[in-house]
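The values are calculated or read from the model by the stated rules, or taken from the named source; none is laboratory data. Because the structure is predicted, anything quoted here is derived from the model rather than measured. Ideal geometry is used to build each Cβ from the backbone, glycine not excepted, and the neighbour counts take in all protein chains shown.
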């Protein structure tokens, strides 16, 4: 897009201000419009690969159109086609046409661009690589043609056959860009990757062809210029001679004409005198004062416009009248007028025609004089039989005669009045005011030279092709061998793990391999003076290595050979390494240092490994010398080469006694010798570790048991070089094993008699699969399955569990695993014979690893216990039902008794009181003693009525018939009156409805609670709260008394609390009690609300 905008801006500037563009961009001024467009399109094609075929086709079309123009010799004067195809500069702000060689170059460029990314076969690949060579050959031809002024092609006024210098430069730049683009194509890489010698041969042949082409062009240019110079010198000398002879010829002819006609002008017989003056080939007449001609004799009068006055002392004119004529004017006798005499000039005819016949190539000599400022009169010549009036310029270009009329001398290549390019030598005839030009058409003059030049070019091209072919056939095998050798050398260098650099005599690197770049993390191609950019320090001293202290500098400057210098370096990426640096000077046949080779090996890891080995050796000795085990090393002959100090403590034998000897040489028992010898030989043969045990009797007669591990130690080749043994005293372990076996036997005896299955199991986190590691023989009695079956597959045990109980089993196990809490599960199993049993599984968890939990426990058959428990539950339920029934019967009996007391006894007592009152009224006043007695009886009856009322209320308060709220309010009043303790009743919901039995039970519970408070609490405040929560009525009785310990009370017989719990259970309610010493007591009962 940027190039398109720049191109549009340039073209806009060309059309709007061409003079400014020519001044600012003189390079573009000589290229021409169509050449500029084609080159810009070719450049865009290199930058835009996607549009490359289309742009290349357009460039090729432009070049082909211009070549067609030259082929058909069609140069339109004006119009669209002149602009579109080949501009000649007339009527446009931008001059010049495209040369044929430029058109050929652009045709090649366009075709190459159109097929650059589409080449498939070998011929196409070769042609695409030959395209830049053809273009460069055309550029050389254009330069040659330019140096020869268009000698190789037909020349015209606009010099369109000559390639301009800016066009040559632009094509060279484009060729460089094309080569870069071609080098990036896949086919180009494959072409030279398959046969690398092609690249070397191609470069050599291209260089040879270029040298031959340039040499040929230079030779042709020199010869052509020499031939041109010879022709131009001949023309210049001949025109100079003719220009010098011409005045002499005219002067002689003028003198002769005056001498012949001078005496005739005074004769009286004027007509006869005129005929005599005209002579055989001349003309004479009398011209009056008014310019009219009379008495004409000889040839008719000439056209006056083809007369030239000569600059001479005597007035004379040069005219053409069927030939060259010299005209003079003489006064007539007796004032009759002026006699005009024209005498022939055969000398001039011979001068021009003879000189012409002596020159090959169509040389023409022309004589002209001025006819105003812009025109001239030219006399006939051999190729122009008639005189003519011609312009002095053609398309604003002066013709050669113009220079002669200006008094100049020289040789030029310019158009004549016809527009044809001529080589002309011009000179003035200064004495006469005329100009003389000796010219020859360029086409005619250069045709022999052009033919010779093309023949020479063809011969040299043929010689070059034959020479190139011979060179190719002769050197291809040598080049192929050299390339193959180079490839092998590069392969070796690339495969080497060491860095290799090759430097010339000045110390500059000319070759390195990838390992070298990896070692330094980059590369810098510097000389000796700049070796300081490579930072290095002596490994042993830490001294900085200066530029001239490097091994390379010493090898080149002093011829020193350096081997394996250990250097610490800082790489170009800032990392640190240790290298082994070597340098070797390379000398020529005279012994002078011609360069050096440097080899670097990265030994950073080796140095670290050596340090690590030394550290490990120190640690090994430190460990082995202080290890409580016996450490020994045996060589391939089974002799001890190392033993640690522990051997002396364990065996009582000194280290010097053991070193260098085999077991057979130590005098130990044969059985021990056999064990050690066989084990060590197996390790040496197989290269695998060996583990064995042996017993050893010390000098004190104590038998010690050892567990020994023999480990092979291999050398760099992988062969077992020695065997390291570590013998650990396991005498204590052997004793522990005996104790363990005894313990295991004891455990087996115990678990075998446990009434159940003793087990050990584990489970991984996130898995439900259970694995058993131990199962006692009780599994057979409990499950009817062998112990081995459960140990093989833990799912066998889970499979015995009734499906309805499996979920509870897994949940309890997961909870125990997660919380590490005691695992207690009870459920049903189906034994192998189909019997359903209840088992109780109890186990203690422990964390074995991060993701593993292990349990130790026992599973017991609790079927009988479950049956007894069920019977006990049934018994409890029956007792509860019986208690409920008895309570109901008791309440009914209380109600009946209270009703009978109220109805029977109450009425009787009331009647008795009334009788006592009537008796007191009737007989009391008359008998004071009777009055007193009756009064006492009345009080007794009142007390009896009150007692009956109290008994009735105690048996069943009448307020219960009004609802639980009224009964509680009555009970609170009675409590306050009876106990004297403030009591508050709080009703959260006034609308409380309970059935009679529930209301009675709640009333009795609250009544029992208040009774206990009055008897034991020593409270000063009591509160009864009634609330409704989630469809349940809750009655809470709390006090601020001295409280008690619920656990201590539970151990004593407290029938009040037992009765409360039983009543709550009968109502299917909840009972809560909370109390602490000196913190009061709270009882809460919740029953379903109706």
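Data table
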quantity: Hits in the range 37-53 (condition: free of Cβ contacts under 8 Å to residues at least 40 places away in the same chain and assigned to a helix (DSSP H, G or I)); calculated: 37, 40, 41, 50, 51
quantity: So residue 594, is it modelled with pLDDT under 85, in a strand (DSSP E or B) and not assigned by TED's automatic domain parsing to the domain that holds residue 653; calculated: yes
quantity: Residue 758 assigned by TED's automatic domain parsing to the domain that holds residue 833 and touching a helix residue (DSSP H, G or I) at 6+ places or on another chain (Cβ under 7 Å); calculated: yes
quantity: Selection status of residue 583, modelled with pLDDT of 85 or more, within 22 Å of residue 489 (Cβ to Cβ) and either part of a strand (DSSP E or B) or out of contact with any helix residue (DSSP H, G or I) (no Cβ under 6 Å at 6 or more places or on another chain) (or both); calculated: yes
quantity: Top-ranked residue of the range 553-577 - restricted to ones that are free of Cβ contacts under 8 Å to residues at least 40 places away in the same chain and surrounded by 15 or more Cβ atoms within 10 Å (Cβ to Cβ), ranked as farthest from residue 609 (Cα to Cα); calculated: 554
quantity: Meets criteria (under 30 Å from residue 140 (Cα atoms) and either modelled with pLDDT of 70 or more or surrounded by fewer than 17 Cβ atoms within 10 Å (Cβ to Cβ) (or both)) for residue 454; calculated: yes
quantity: Criterion (surrounded by 15 or more Cβ atoms within 10 Å (Cβ to Cβ) and either touching a helix residue (DSSP H, G or I) at 6+ places or on another chain (Cβ under 8 Å) or modelled with pLDDT of 85 or more (or both)) met by exactly one of 1017, 1001; calculated: 1001
quantity: Members of the range 757-779 found to be under 20 Å from residue 862 (Cβ atoms) and modelled with pLDDT under 80, listed by number; calculated: 777, 778, 779
quantity: Any hit, the range 195-211, residues being out of contact with any helix residue (DSSP H, G or I) (no Cβ under 7 Å at 6 or more places or on another chain), modelled with pLDDT of 65 or more and part of a helix (DSSP H, G or I); calculated: no
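Condition check ((1) closer than 14 Å to residue 318 by Cβ; (2) touching a strand residue (DSSP E or B) at 6+ places or on another chain (Cβ under 7 Å)) across all residues:
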position: 369; (1), (2): yes, yes
position: 372; (1), (2): no, no
position: 375; (1), (2): no, yes
position: 380; (1), (2): yes, yes
position: 386; (1), (2): no, no
position: 399; (1), (2): no, yes
